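The structure under discussion appears below in the form of structure tokens.
What follows draws every value from the coordinates through simple rules; no lab data is involved. Just so we're clear, the structure is a prediction, and the values are computed from it rather than from any experiment. For neighbour counting, all protein chains shown are included, and Cβ atoms are generated from backbone atoms with ideal geometry for every residue, glycine included.
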Amino acid sequence: MKIKVSDYIANFMVSKGINTAFVMTGGCIVHQIDSFAQHPNMNYVPMLHEQSTAMAADGYARISGVPGLVAATSGPGATNLLTGICCSYYDSIPVIAITGQVSSKALKRDIPTRQVGFQETDVVSIFRSVTKYTKLITDATTIKYELEKSFFIATSGRKGPVLLDICEDVLFSYVEDDSLVGYSTELQIQGEDLGIDEGLLNTAYGYLKTAKRPVVILGGGVRYAPNQSKYISFIESLGIPVLLTWGAYDFLEHSHSLFAGGFGVTSARNGNFVVQNADVILSIGTRFDSHEIGSDPSKFAPSATRIVVDIDEGEFVKFRETGFKVDVPIISSVDNFIDSFEEYVKDFKFDNQSLWFENITDWKNKYPILSKKAVDQNVLVNPYKFFHELSKYLTQQVTIVTDCGSNLIWTMQGYFIRKNQRVISAFNHSPMGYSLPAAIGAAFANPKELIICIIGDGGLQINIQELAIIAKHGLNIKIFVLNNHCHGIIQGTQDAWLEGRHCASSPITGELPDPNVSHISLAYGVSATDVHNIEELISIFPLIFSNAEPELLNIHMNSECQIEPKLMYGRSIEDSHPLLPRDELAQNLLPCAT
């Protein structure tokens, strides 16, 4: 049977459970968007900037569990996707991007010229380093093969985005459906079929069995893998305290008896004391980036034997090159490792009455993130008090999408996660403006759920046009703009390194504009309210959360509020600013951890 290629693509996506496409129109992609629009089981969402379409697809994938889908036109349409695709690549999120390309007859190919077709751009070369697979399609008969291959690569092994750059004449061509050649699984699934050396598993178990201060570290590789309840059961069977990276920070509710906190450059002190005092670390699905371990790998967890489980062999190459010690390297998916290791630890259970658990509880009590200074501030809104009150009020199932810079860090430091709550962000690429379109993607992934968008006044300006999409669809998104009327995290860096010269980060010098956020929101059709102190904030919670309409709260914050604690360059992660007295710091480093 003959079928138009763009229709074939729409059918394929629906057959894989992908029923939402985030799109931005243009001359070379109109046929594909039309096919999405005409498909009875496909919901297409036209947005106002291609960057936003990619970020919405990313947010959709994180919440829905199926790949996000984005479509844009040639040239600038394709290049505008780049930042959003990077978010998916660095966080290992499966997204399928389709870009229209000029007609195959208008490609420059090997001609030594810059461009032949109008808006022609070599998309494949631009995106190759930030996708798992990218391909220019000039032959309509290869469409089945390339779609099946792309979907397999995006969803197998260490997941990530793929991009198909499809010539315009291919999209409106017709092919014989029955004669198309498919893709057979020619690739070995990364970290899946290699098997795990039993000697490594036995060694890992031996270290855990004799540990006095063990800790399990879980990363995004666990959070975005299937079978979450299975992983929780496995962790609970071990009974070992758990530290969560940002990518997995909502894996356990923070009241869970095993939750020991987060750790890293901008994490609370208690989690950093845990990891720096550990004698054995079982790490699953995290790559130990510099934000987690600090600038000097030799200062991280100095007394700990490290068992590291990761699906990507390249991460172990990185460890060797950077001098990060790994005692037991296990290349495996999460599922494969747990299935293999459960037999070894079936009779193991760490003593939850041990001194180690007492130490962890003491650190939590001694170093709360909400300081007395934050509690006492009554002029403008303190960010730590804001998150304390927000997490106290939000007890139901909810998805929180947070942006970058200070508001991301304040979220991860200050929000207390309850059961069935999600917190997502573009944790590794971390661009300004991510959370607004990603919140749209999350809303389409789960239309019945409340979505909280956390964003700064600077980040809001990057994709502010998408307020119109929120208004048009009446999405249940509550937008909290943490408005410190500056680029706060940049000012902190300038204070530390540039003698407090706030170039390009402050409106006070007259260089940085400070638009009226509430007025702009109203112009786009989203209700807006200004909040100037914590009492106003608390009083307005029942009003905004009693309806399912989009709302923007312009939270006016003191521009001098900075991140505390925060590691300064060159120090090990237990020694954050503001610095503790040296004798107090020493008391928190247990014997054999110094």
Check your understanding: Exactly which trypsin sites (Lys or Arg not before Pro) in the range 391-450 are in a DSSP loop and have at most 13 other Cβ atoms within 10 Å?
Key -> Lys419, Lys448
Study note, to complete from the structure: the range 2-179: antiparallel bridges as % of DSSP beta bridges, rounded to 5, reads 10
Practice item. First measure r as the distance between the Cβ atoms of Glu176 and Glu549, then evaluate 1/(1 + (r/R0)^6) with R0 = 60 Å and state the FRET efficiency to the nearest 0.05. Key: 0.75
Practice item. Output the pairs from Lys318/Lys349; Lys419/Lys478; Lys364/Lys566; Lys2/Lys149 with a Cα-Cα distance over 24 Å in this structure; if there are none, say none. Key: Lys318/Lys349
Check your understanding: Under the classification rounded if a/c is under 1.5, otherwise prolate if a/b is larger than b/c and oblate if not, where does the range 194-353 fall, given a ≥ b ≥ c as square roots of the Cα gyration tensor eigenvalues?
Key -> rounded
Study note, to complete from the structure: Per the C-alpha gyration tensor (a ≥ b ≥ c, the square roots of its eigenvalues), the range 2-179 is rounded if a/c is under 1.5, else prolate if a/b beats b/c, else oblate; here it's rounded
Exercise for review: Could you work out the relative contact order of the chain, using alpha carbon pairs under 8 angstrom and six or more residues apart, expressed as a whole percent?
Suggested key: 13
Study note, to complete from the structure: Bridge orientation stat for the chain from DSSP, antiparallel percent rounded to 5, came to 5
Practice item. Please tell me the relative contact order of the range 372-556 in percent, rounded to the nearest whole number, where contacts are Cα pairs under 8 Å and at least six residues apart. Key: 22
Exercise for review: Enter the Cα centre distance for the pair the range 367-407 and the range 68-115, rounded to the nearest angstrom.
Suggested key: 39
Point to revise | Using θ = phi - 60° and Karplus 6.51 cos²θ - 1.76 cosθ + 1.60, couplings along the range 124-135 (whole Hz; Gly, Pro as x) | key: 4, 5, 5, 9, 4, 7, 10, 9, 6, 7, 9, 8
Study note, to complete from the structure: the range 311-343 and the range 26-46 have their Cα centres apart by a whole-number Å value of 42
Review point. Could you give the angle, 0 to 90 degrees to the nearest 10, between helix 534-544's Cα long axis and the longest principal axis of the Cα atoms of the chain?
Key: 40
Check your understanding: Using alpha-carbon positions, what is the distance between the centroids of the range 540-594 and the range 200-251, in Å?
Key -> 25
**Study point:** Virtual paramagnetic centre 7 Å along Cα→Cβ of Asn352, amide N under 19 Å, in the range 233-253
**Key:** 233-244, 251-253
Review point. Per residue of the chain, what 222 nm ellipticity follows from adding -39500 (n - 2.57) for every DSSP H run with n ≥ 4, rounded to the nearest 500?
Key: -10500 deg cm²/dmol
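Taking the highest mean first, how do the peptides 297-303, 195-201 order by number of other beta carbon atoms within 10 angstrom per residue?
On the way: 297-303: 17.9, 195-201: 14.3.
Top of the packing list down: 297-303, 195-201.
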